[in-house]
Structures are given as C-alpha cells and as structure tokens.
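Here the structure comes first, spelled out in structure tokens, and everything after it is commentary.
The values are calculated or read from the model by the stated rules, or taken from the named source; none is laboratory data. Computed from a predicted structure; not experimentally measured. All Cβ positions, even for glycine, are placed from backbone atoms using ideal geometry, and neighbour counts span all protein chains on display. Surface areas here come from the heavy atoms of the whole protein model, side chains and all, with no ligands, DNA or RNA. Shrake-Rupley method; radii C 1.70, N 1.55, O 1.52, S 1.80 Å.
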Amino acid sequence: MSTSTRQHAKARTSLRHPAELPFFIFMAVLNVLIIVAIVQAAVMLPYLPESLEGTAWATTIRTALIGLLLLIPALVVIRETQRASVRGTAVELSPRQYGDLYRTADDFAHQLGLRRRPQIYLGNGNGALNAFAAQATGHDYVVLSNELFVNLQHHNRDGLRFILGHELGHIRLHHVSLWYQLAVAYSERIPLLGPALSRLREYSCDRHGARLSPLGATGLVVLASGRHTETVVDVDELVRQGKALRGFWVGLSQLPRSHPFTVRRLERLYRLGLFHAG
C-alpha cells in the first residue's frame, strides 16, 4: 500500500463517527436475520393447514418473498432512473459551467481518494435548501439545489464547499453503494433504528465536509436560519445554543429524525476542532 493510500485510509477512519460502523454491522446482521425469517416462512407455506392458506398471514409472507426476489432489480431500476432524471432536468458542472466549483469537486475527490470523479449537478430544488449524493452503475454524482447554490455561491463559498464535501463523504463511505443499500434494505425500515443509522451517517459526513472546508460553518447555519440570513447569524451564539441542547425531551424528539438537530451538528464540529472561526 502506497503512502498516499495509507494517508487516505487513515483520514477516512478518523473522520467516520466511531459509532457508525459498529451500528451498521448490527443493522446488517439484523437485515440478514429478517431475510432468513422471510425465506424460512416462505418454505413453510406449502405445508400450512388449509385453514391458514388464505389468511392475511400467508398473504403477507408471499408478498414479502416476492419483494425479496425483486429487491435487487427494483433498486437497480430506481438508481438508474433517478440518474437519468437528474441528467435530463439539472445542469451538469464542467470546466466551462461553474468552473470554480467543478475544480473544487475535483480537488475534494482527490483529497478523499475517490476512485472516480463524481459528477456535480445544479438542480431546481423548488425552493428547498437541499443536496444529495447518489450512485448508478459506473457513476457517482451529487445534486445541489439552486436555492442552496445561489445563497452560498455568491455570499459564502466556504459554506457551499462544506456541503459539497459532506455529500462527497457519503460517496467516500459507500453510503450510496448498491451493496450498502442491500445490506440494510429491511433493517433500515425499522422505526427508530433506521433513523439512528442515518444520523450517524450524517455526523460522519459532516466531519468530511468540515475537514475539507474548515471555514464552512454557514453551510449548516443556512439550514438552521433559512435563506438570506446565513451571513448575519452569530455563529458563536448558535454554538452555545447547541451546547445547551440537552435533556429528555430533546432526546425523545430526535429519535424519529433522519438528521441530527442542525445546531447540534454545528456544535460538535466546533468541539472536534474541525470548524475554525472565520
């Protein structure tokens, strides 16, 4: 293994939230158990008494088995059609199309040791402040909503760089890979457990974004305060707000959410020393 490869591997290990990988393994094992249970129940169907053959229980097992058989084809179709839709409705960045951000993506991909350069798209978010990473066969890509892009591109490019780095973190940690999605396809649907894994992924990718853009706190501020305010919010006050976010009701309200509370994400990155004061 080359020195550069070892450095990339070490960086990935240190940036991943320490609880994410153990929890993912737990969820993957649980996923296998669910699949085994479906298969075993399906095997027993021909031996059911006649009185149970047309019951809701038997129908549920047959439906679950059909879903299991169609899982891989369905995921492939979803992934491929999603990319086709993005290509048909969004603007792909290039050296001539928002070249500065295109070059930033290239630089970030190199720093993270990505095996292929992700494609970056600017999409119409219909007013939503949103971005996501995804994958299709042979392609990794990131979509940035135009609302997010316009706010941060002109007034705070570090914030946009943080968001881009965050999304590239999802690609680097294989969160968008087909094998990853298959590994937790069933267990991730379990209430509370699925959102818990999602929040850990977000914490891991926040660390990637902050490592790549240590002055990019406004990338999170805009999610908390909304449009046009990200450069006037007192970040120190927001960090103090995050430190005070404790207690039973806070923890309870967090449980069903796929993303951690924004002020908590911000506070943790400052506490880890990954965000620096501007």
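Listed here are the residues, each with its yes/no results for (1) open to solvent by less than 60 Å² (accessible area, probe 1.4 Å); (2) at pLDDT 95 or above; (3) closer than 30 Å to N126 by Cα.
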| position | (1), (2), (3) |
| --- | --- |
| A224 | yes, no, yes |
| T231 | no, no, yes |
| E237 | no, no, no |
| W249 | no, yes, no |
| L255 | no, yes, yes |
| H259 | no, yes, yes |
| R264 | yes, yes, yes |
Counting only residues that are in contact (Cβ under 8 Å) with a residue 12 or more places away in the chain, out of contact with any Gly (no Cβ under 7 Å at 6 or more places or on another chain) and open to solvent by less than 30 Å² (accessible area, probe 1.4 Å), the range 76-112 contains a total of 8
Cβ pairs under 8 Å, 6+ apart or interchain, first in the range 259-278 and farther than 11 Å from A210 by Cα and in contact (Cβ under 8 Å) with a residue 24 or more places away in the chain, second among the hydroxyl-bearing types (S, T, Y) and surrounded by fewer than 19 Cβ atoms within 10 Å (Cβ to Cβ), ordered by first then second residue, are H259/S198
Apart from one, (1) buried (at least 18 other Cβ atoms within 10 Å of the Cβ); (2) touching a His at 6+ places or on another chain (Cβ under 8 Å) all hold for L215; the odd one out is (1)
For the range 94-114 the number of residues that are part of a loop (DSSP other than H, G, I, E, B) and within 21 Å of the chain's Cα centre (by Cα) is 2
